[in-house]
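One structure is given below, encoded as structure tokens.
The values are calculated or read from the model by the stated rules, or taken from the named source; none is laboratory data. A quick note: this is a predicted structure, and the numbers were derived from the prediction, not measured. Neighbour counts are summed over all protein chains in view; Cβ atoms, including those assigned to glycine, are modelled from backbone coordinates with ideal geometry. For accessibility, only protein heavy atoms count, side chains too; no ligands or nucleic acids. Shrake-Rupley method; radii C 1.70, N 1.55, O 1.52, S 1.80 Å.
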Amino acid sequence: MQFQIECNTEKHSQVCLICRQTFQMYEARLIVCNDQGDGYGDICPKCAAKGGNWVQVKLQKLNYKLPA
Ligand SMILES: [Zn+2]
């Protein structure tokens with residue numbers, strides 16, 4: 001699992017992969033993706049602020065299915 005930060009030009013709402021809260025997208029978006037670079041979804045700034053390890057543990061607890 002990897003994290004990508006992308007520049008975002010459109011400002012629109014997204015649902016956080018972890019806390020399921022709708023949040024407003026900012027200029028830098030944090031995306032969770034697999035080793036092939038396929039994105040799973042976005043993470044809100046609150047969750048992102050807790051750090052990559054916390055995010056990873058949280059996703060594992062959610063039993064997030066990673067495509068093979
Ligand atoms: Zn969140």
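Relative contact order, whole percent, for the chain stands at 30, derived from Cα pairs under 8 Å and 6 or more residues apart. Starting from the coordinates of the alpha-carbon atoms of the chain, obtain the Kirkwood hydrodynamic radius over all distinct pairs and give the value in Å to one decimal. The Cα-based Kirkwood calculation yields 12.1 Å. Sorted on the mean count of surrounding Cβ atoms within 10 Å across their residues, most packed first, peptides 28-37, 8-17 read 28-37, 8-17.
Each helix, a run of at least 4 DSSP H residues, gives -39500 (n - 2.57); summed and divided by the residues of the chain, these come to -5000 deg cm²/dmol at 222 nm. Each peptide in 54-62, 39-47 was scored by the mean count of other Cβ atoms within 10 Å over its residues; highest first, the order is 39-47, 54-62. Element breakdown for the chain at a 1.4 angstrom probe: carbon and sulfur atoms account for 49% of the accessible area. Accessible surface calculations at 1.4 Å, restricted to protein heavy atoms, place the chain at 69 Å² per residue. Return one number: the angle in degrees, 0 to 90 and rounded to the nearest 10, between the long axis of the Cα atoms of helix 52-61 and the longest principal axis of the Cα atoms of the chain. Around 60 degrees separate the two axes.
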